[in-house]
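Take a look at the structure set out below.
The values are calculated or read from the model by the stated rules, or taken from the named source; none is laboratory data. Computed from a prediction, not measured in an experiment: that's the story for all the values here. Virtual Cβ from ideal backbone geometry, glycine too; neighbours counted across all protein chains shown.
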Protein chains: 2
Amino acid sequence: MLKAEITAKLRAIVGEKHYRDDQEALVAHSYDGTPMLQSLPDGVIYPSSTEEISQIMKVLSEYRVPVVSRGSGSNLCGGTVPSEGGVVMVMHRMNRILEVDMENLTATVQPGLITAEMIAHIEELGLFYPPDPSSMKISTIGGNIAECSGGLRGLKYGTTKDYVIGLEAVLANGSIIRTGGKLMKDVAGYDLTKLLVGSEGTLAIITEATLKLIPPPKAKKTMLAMYKDIYGAARTVSKIIESKIIPATLEFMDNPTIRVVDDFAKLGLPLDMEAVLLIEQDGDPETVERDIARIREICELEKADRLEVAESREEADRLLTARRSAFTALARLRPTTMLEDATVPRSKIADMVLRINEIAKKYNVTIATFGHAGDGNLHPTATTDARDKEEVHRVEEAFAEIFEASIELGGTITGEHGVGIVKAPYLEWKVGAPGIEVMRGIKAAFDPHNLLNPGKVFAKESRKRVVLQHG
Amino acid sequence: MLKAEITAKLRAIVGEKHYRDDQEALVAHSYDGTPMLQSLPDGVIYPSSTEEISQIMKVLSEYRVPVVSRGSGSNLCGGTVPSEGGVVMVMHRMNRILEVDMENLTATVQPGLITAEMIAHIEELGLFYPPDPSSMKISTIGGNIAECSGGLRGLKYGTTKDYVIGLEAVLANGSIIRTGGKLMKDVAGYDLTKLLVGSEGTLAIITEATLKLIPPPKAKKTMLAMYKDIYGAARTVSKIIESKIIPATLEFMDNPTIRVVDDFAKLGLPLDMEAVLLIEQDGDPETVERDIARIREICELEKADRLEVAESREEADRLLTARRSAFTALARLRPTTMLEDATVPRSKIADMVLRINEIAKKYNVTIATFGHAGDGNLHPTATTDARDKEEVHRVEEAFAEIFEASIELGGTITGEHGVGIVKAPYLEWKVGAPGIEVMRGIKAAFDPHNLLNPGKVFAKESRKRVVLQHG
């Protein structure tokens, strides 16, 4: 609990009812979308403006109180668990679309806005914001920016980072900075915009964002390709790209995922397939037809056992549901679902999936894998039970080995979920000791007293690398 | 001159002939593409590998010797003038394409490679690297990365930043870091890749880059639209974008530029026009035809006085030459050419051009304006004579007011040329005092002794803002 002196100051800023330290509020903000992590904050604050946040930060800074800013907390890396106590700052009151500028093709929004609501509004105006994280119906745009969320359209359109062109943010000391703007080009000093995207609330509190919008594609076509040979699926992915087609979506599900998804969504998927690819192309109608025809050819060449091209938007939605429900379907299997996002160069996908299977077997754990094949971003997902400490330990060891395998294949420990608490011990494997040192320096430059989301990104201790035995 | 002890150590690393401190070498590296800036270094070093650079930095760091890493020095912001002496590190020996990966669509290159040579090689392989700064025939990819170079295709395809997905770099203390990789998604810690792009050699020495490549467009069409009314041209730009067409190129030249370019390149341009737009669309053939037809309609609606659509690639090249030769043509007029890159939201282009004209008149200086209309990135270019101190002073005052106008219109002081020495006094106008403070903190985290390209980006003193009197 914070001193009465501090809470009085905070209440004076936001109003009596917008600072809470009752048990209900504390418990509700003690966890996020990540399994098995919980820590009570000292208070929860709901600001309504940048000015309020600036004042709040001056108080918290003076008393050295940590602050975790968050939207819906749908992240999977423990990114918004208040592991060192302090105040959780919930951005839901700052949830407005401030402007959609049709001449400059930009949207200026507040961080607490739900991403899917923003997208719906933008699409009504005939424009397009491509990043579509699976969480978008509940996650906020501020959270998406903090984590640099990806999604199913990342291959062709990039991720959140590629669409944030301006930010307003409050620093730990309460200063307000503005970066970028309605500008497609800006090289005035270091790129603080891209630095803040994906900084997981550890550098500044994002209070406003200017997003780049683009014209929407005129047509879209969706297909499923199913394979008895996982390498056939992987070769299909490579050959599509090599033949210079970049599909909007190029998703992968392995056999365990197919089974679970079909049981959940009753889609009539063939349960004897080792891999399913969900492929979507968008663009001008002629381009879409031509690309889908060529992709069909490649799938057939690589001996896809079944091909299904959606003839209507409803049919396409049914196929998309298969992939979109993967996480939910897997989460029903057992009490605890642990999902990671190891990412490799796309040419290494089949190798990575097979390595994941080997590792799962070695540790005797259940791991299903699905994900964004086109950009090498896989989601190995373990189903387990948090109450079984011994099994959870085996899952953690398996994931450590999966991270190591992905680094070994030229990949990274996290493609779109962020480091948070969960992957902090592994960060050094990817960026090396000098990389960590530089990042710590950047952190100190923004937040010298380590008040902004402390305990995230940087681990107290890095994991030692295992020497892998495989093959 | 450096102490013999230091030069001996440097020569031991790179070999006798790759460290020079003869007058010829010093003078040749005392300036860059920027007018009126010159400063002799103490030595010039030509490393051949990352390992050598790491060793060099350990020596320079120990003796606290500044270092300016550079490619061809074609920048226009004084970014590679060794204003505080020390060693100039020339990257031309590290000029290899290490790999083009056809499966992952990436190129891995050394920094000293000439950009146009790289592009030629990549295009031979049937792939596409879009950033095309006007300097590309002489500039290096390392220089492009350091300055985050733009170009004529920025509107549709983005700038250098959008294509750099991995870097190897040597820190001031000699440590080697590796960021990103052949990965379209990577959120492992802060985005050091994008932070280093555009950091102007002040944070680290880039020794290798992994670039994202894309499939090339199948067709391209080029046209010129000429206007007696500058607002007609500006409205055309806005209406093209509003009608949801993003052209590959959308360039602008004002009347003074048209006159000079025509005199230089004998293209038969109409000299009575107030504005010319050079428009290019690429993509699938049907899309290009449809877009160009629609753009024609918009140009006609906005009362373009003359329209010319190139019917062949040769004709298109002739039209492109008009725009590409603008700088060269202007540079012939008088001994000294000062070119800036104030950038505004694209909806403000006409306002900005008229403000530039007002300001030129007020200070009685000659300023021609051309640039990338589609992304609001203008190049007001003053022709003057460095020997006429009084006139040069007036030009500088005019540019200060142009920067101020661009900020006022929601723009920035530099869209693609970088801050360097020239724009350092104005940086605070764009990013504010807290922005400068954060950037200084980042600089200190990477380079605590201020050895990497000192005197750039950060000014000893920021300019006071003028209160504008206009309208």
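Observations
- Among the candidates A:Ile176, A:Ile214, A:Ile206, the residue that is under 27 Å from B:Ile407 (Cα atoms), touching a residue at least 60 places away in the same chain (Cβ under 8 Å) and surrounded by 24 or more Cβ atoms within 10 Å (Cβ to Cβ) is uniquely A:Ile206.
- Taken together, the criteria exclude B:Leu195 from residues that are in a strand (DSSP E or B) and hydrophobic (A, V, I, L, M, F, W, C).
- Filtered residue count, segment B:183-196, keeping only those that are more than 7 Å from chain A (Cβ to nearest Cβ) and among the aliphatic types (A, V, I, L, M): 1
- Qualifying positions in segment A:370-385 - in a loop (DSSP other than H, G, I, E, B) and either at the interface with another protein chain (Cβ under 8 Å from one of its Cβ atoms) or in contact with a Cys (Cβ under 8 Å, 6 or more places away or on another chain) (or both): A:Gly376
- Taken together, A:Val87, A:Val81 contain a single residue that is under 22 Å from the mean Cα position of the chain (by Cα), farther than 20 Å from A:Thr160 by Cα and in contact (Cβ under 8 Å) with a residue 40 or more places away in the chain, which is A:Val81.
- Looking at B:Leu37, B:Leu2, just one residue is touching a strand residue (DSSP E or B) at 6+ places or on another chain (Cβ under 7 Å) and in contact (Cβ under 8 Å) with a residue 12 or more places away in the chain, and that residue is B:Leu2.
- When B:Asp191, B:Asp186 are checked against the criterion of being among the acidic types (Asp, Glu) and in contact with a helix residue (DSSP H, G or I) (Cβ under 6 Å, 6 or more places away or on another chain), B:Asp191 stands alone in meeting it.
- Candidate set from segment B:365-383 (those that are surrounded by 22 or more Cβ atoms within 10 Å (Cβ to Cβ) and of a type in the set (A, V, I, L, M, F, W, C)); member that is nearest to B:Leu427 (Cα to Cα): B:Leu378
- Checked against the criterion of being within 25 Å of the chain's Cα centre (by Cα), at pLDDT 95 or above and either surrounded by 19 or more Cβ atoms within 10 Å (Cβ to Cβ) or in the same structural domain as A:Glu340 (by TED's automatic domain parsing) (or both), segment A:55-66 has at least one qualifying residue.
- Screening the candidates B:Ala331, B:Ala310, B:Ala293 for the property of being in contact with a Lys or Arg (Cβ under 8 Å, 6 or more places away or on another chain) and farther than 21 Å from B:Gly376 by Cα yields one hit, B:Ala310.
- For segment B:220-242, a residue qualifies if it is of a type in the set (Gly, Ala, Ser) and more than 9 Å from chain A (Cβ to nearest Cβ), and the qualifying residues are B:Ala225, B:Gly232, B:Ala233, B:Ala234.
- When segment B:416-446 is filtered for residues that are farther than 30 Å from A:Pro434 by Cβ, in a helix (DSSP H, G or I), facing chain A (nearest Cβ under 8 Å) and touching a helix residue (DSSP H, G or I) at 6+ places or on another chain (Cβ under 8 Å), only B:Lys430 remains.
- Residue match in segment B:115-132 (condition: under 24 Å from the mean Cα position of the chain (by Cα) and under 20 Å from B:Val419 (Cβ atoms)): yes
- Qualifying residue in segment A:51-61 (condition: assigned to a strand (DSSP E or B), in contact (Cβ under 8 Å) with a residue 12 or more places away in the chain and not polar (S, T, N, Q)): no
- When B:Ala293, B:Ala316 are checked against the criterion of being within 17 Å of B:Met226 (Cα to Cα) and in contact (Cβ under 8 Å) with a residue 24 or more places away in the chain, B:Ala316 stands alone in meeting it.
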